[in-house]
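Heads up: the structure comes next, in structure tokens.
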Amino acid sequence: MSVQLIPLDENRFDTWLIATRERLIRLRQESRMLLGDDAVAHAEAFLTELLPSGWDTETSLILTIVDDGVEIGTVWLAANDGILFVVDLLFTTTPDETQRDGLFEALTALVTRQGVKRLSVALYATDADGHAFLQGRGFELASMQMLLEPLPARDAAPRIELRRMTPERFVGFAAHSESAFADDLVASGRYSAEAAATESHRQMTLELPEGVDSAGQLLFTAHADGEEVGILWLGERTRVGRPHAFVLDIEVAEGHRRRGHGREIMLAAEQEARRIGAESIGLHVFGFNAGAIAMYEGLGYRRVEQRFLRSV
């Protein structure tokens, strides 16, 4: 008998929810993406957002994974904008390759029946069973969250000067950043052009309601030998009650690329993070940006969460 996906019995929902909450907290803490009470609060907010009506939430589907009559796990699915998202995949026993193949076939059949064309899976770095399931099944890296912690001691100062962005420079920066982020969302395969434009504008408005003077936002132009060569946007965050910096945008201007300026801007970002008392820096990068990923990993950033995508 092949692997089957069977709707979770409603009577088991509360038990499943408790176990899922504990798992989400644990994965966040083990990956060190979030720690302590931050991981708890984030997991609870995540569950509230995606399951606002509990079992009756129409946008979610919770299924048991059954192999030859024996339940081996659960999978939580949600569909949006032509993509079927695997919100959480839990194996109660480590599956063998045949079971992984069977689950993939069952999910592929479900995607086809739902009329969607892409399957998305988000995994924390420590989720070994989840990564083993994706291995060799045609999934491509769409995006990831990375973390540098603690901030390392560097032998040399960056060869870049950061200057606070002026209101006049902000106008051009904001328009370009919003447009470029929308383009990246489309290129990642996760959004249509229309949805990407809406999401990019939403995030820009949320983060920068007061433009260059928005609280908790540090906007810089980066200069080498007195000439502007790029920009840096840092968001001031907290991590376990301590200051934490998050790279919201970094770009080297055309005509100044492939000269090492990106690395130098990131080194300057470390200095700025220290100035605000931060002991860590986080960032998001799209999977297609292999050069940036290599640069970040070369600086000591590690992958804490990754999102994968596959066309079906």
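Please pick out the residue among 135, 114 that is open to solvent by 50 Å² or more (accessible area, probe 1.4 Å) and either charged (D, E, K, R) or out of contact with any helix residue (DSSP H, G or I) (no Cβ under 9 Å at 6 or more places or on another chain) (or both).
Details: 135 fails: either charged (D, E, K, R) or out of contact with any helix residue (DSSP H, G or I) (no Cβ under 9 Å at 6 or more places or on another chain) (or both).
Just one listed residue meets the conditions, 114.
If you scan segment 10-60, which residues turn out to be closer than 21 Å to residue 77 by Cβ and in contact (Cβ under 8 Å) with a residue 40 or more places away in the chain?
10, 13, 16, 19, 20, 23, 24, 27, 28, 54, 55
Which residue, of 212, 186, is open to solvent by less than 90 Å² (accessible area, probe 1.4 Å), more than 23 Å from residue 239 (Cβ to Cβ) and touching a Pro at 6+ places or on another chain (Cβ under 9 Å)?
212
Identify, from the list 72, 65, the residue that is more than 25 Å from residue 117 (Cβ to Cβ), out of contact with any His (no Cβ under 8 Å at 6 or more places or on another chain) and either open to solvent by less than 80 Å² (accessible area, probe 1.4 Å) or in a strand (DSSP E or B) (or both).
Checking each option against the conditions leaves just 72.
Looking at segment 182-207, I want the residues that are closer than 22 Å to residue 121 by Cα and have a partner that is of a type in the set (Val, Ile, Thr) with Cβ atoms under 8 Å, at least 6 apart or on another chain. Which pairs are those?
Listed pairs, sorted by first residue: 190/83; 192/186; 193/186; 196/186.
Taking residue 243, is it within 19 Å of residue 152 (Cα to Cα) and either surrounded by 16 or more Cβ atoms within 10 Å (Cβ to Cβ) or not charged (D, E, K, R) (or both)?
Numbers: within 19 Å of residue 152 (Cα to Cα): yes; either surrounded by 16 or more Cβ atoms within 10 Å (Cβ to Cβ) or not charged (D, E, K, R) (or both): yes.
For residue 243, the condition - within 19 Å of residue 152 (Cα to Cα) and either surrounded by 16 or more Cβ atoms within 10 Å (Cβ to Cβ) or not charged (D, E, K, R) (or both) - is met.
Report, ordered by the first and then the second residue, all pairs with beta carbons closer than 6 Å, sequence separation of six or more or different chains, a first member in segment 120-135 that is closer than 18 Å to residue 23 by Cα, and a second member that is outside any loop (DSSP other than H, G, I, E, B) and of a type in the set (Lys, Arg).
From residues that are closer than 18 Å to residue 23 by Cα, the pairs are 122/307; 125/303; 133/100.
With 89, 77, 110, 47 as the choices, which residue is modelled with pLDDT of 95 or more and either assigned to a helix (DSSP H, G or I) or aromatic (Phe, Trp, Tyr) (or both)?
Numbers: 89 fails: either assigned to a helix (DSSP H, G or I) or aromatic (Phe, Trp, Tyr) (or both); 77 fails: either assigned to a helix (DSSP H, G or I) or aromatic (Phe, Trp, Tyr) (or both); 110 fails: modelled with pLDDT of 95 or more.
Only one candidate qualifies: 47.
Can you tell me which residue among 140, 168, 194 is of a type in the set (Asp, Glu), farther than 21 Å from residue 264 by Cβ, open to solvent by 50 Å² or more (accessible area, probe 1.4 Å) and in contact with a Phe, Trp or Tyr (Cβ under 7 Å, 6 or more places away or on another chain)? Lay out the reasoning, then the answer.
Working: 168 fails: in contact with a Phe, Trp or Tyr (Cβ under 7 Å, 6 or more places away or on another chain); 194 fails: in contact with a Phe, Trp or Tyr (Cβ under 7 Å, 6 or more places away or on another chain).
The conditions single out 140.
What number goes with the only condition from (1) among the hydrophobic types (A, V, I, L, M, F, W, C); (2) within 17 Å of residue 154 (Cβ to Cβ); (3) open to solvent by 50 Å² or more (accessible area, probe 1.4 Å) that residue 265 does not pass?
In the conditions (1) among the hydrophobic types (A, V, I, L, M, F, W, C); (2) within 17 Å of residue 154 (Cβ to Cβ); (3) open to solvent by 50 Å² or more (accessible area, probe 1.4 Å), residue 265 misses (3) alone.
Name the single residue, out of those in segment 279-299 being part of a helix (DSSP H, G or I) and open to solvent by 60 Å² or more (accessible area, probe 1.4 Å), that is nearest to residue 148 (Cα to Cα). Can you show your working first?
The first filter runs over segment 279-299 and keeps only residues part of a helix (DSSP H, G or I), leaving 290-298.
From what's left, open to solvent by 60 Å² or more (accessible area, probe 1.4 Å): 290, 294, 297-298.
Details: 290: 18, 294: 14, 297: 9, 298: 11 Å.
Among residues in segment 279-299 that are part of a helix (DSSP H, G or I) and open to solvent by 60 Å² or more (accessible area, probe 1.4 Å), the one nearest to residue 148 (Cα to Cα) is 297.
Does segment 105-125 contain at least one residue that is more than 17 Å from residue 143 (Cα to Cα), touching a Pro at 6+ places or on another chain (Cβ under 9 Å) and of a type outside the set (Val, Ile, Thr)?
So far as segment 105-125 goes, no, none of its residues is more than 17 Å from residue 143 (Cα to Cα), touching a Pro at 6+ places or on another chain (Cβ under 9 Å) and of a type outside the set (Val, Ile, Thr).
List every residue pair whose Cβ atoms sit under 6 Å apart, with the two residues 6 or more apart in sequence or on different chains, where the first one lies in segment 253-278 and is part of a helix (DSSP H, G or I) and the second, anywhere, is of a type in the set (D, E, K, R).
Pairs that qualify, where the first residue is part of a helix (DSSP H, G or I) and the partner is of a type in the set (D, E, K, R), are 264/159.
Show me the strands (runs of 3 or more DSSP E) entirely contained within segment 128-247 in which 2 or more residues are closer than 30 Å to residue 84 by Cβ and in contact with a Lys or Arg (Cβ under 9 Å, 6 or more places away or on another chain).
Details: elements: 140-148, 161-164, 217-224, 227-239.
Qualifying strands (runs of 3 or more DSSP E): 140-148.
Filter segment 58-73 down to residues that are under 20 Å from residue 309 (Cα atoms) and among the polar types (S, T, N, Q) and give me whichever is modelled with the highest pLDDT.
Looking at residues that are under 20 Å from residue 309 (Cα atoms) and among the polar types (S, T, N, Q), I get 60.
Which one of these does residue 254 not meet: (1) open to solvent by 40 Å² or more (accessible area, probe 1.4 Å); (2) over 30 Å from residue 39 (Cβ atoms); (3) modelled with pLDDT of 95 or more?
So the condition that residue 254 fails would be (3).
The values are calculated or read from the model by the stated rules, or taken from the named source; none is laboratory data. Not measured: the values here are computed from a predicted model. For neighbour counting, all protein chains shown are included, and Cβ atoms are generated from backbone atoms with ideal geometry for every residue, glycine included. These accessible areas exclude ligands, DNA and RNA; they are computed on the full protein's heavy atoms, side chains included. Shrake-Rupley method; radii C 1.70, N 1.55, O 1.52, S 1.80 Å.
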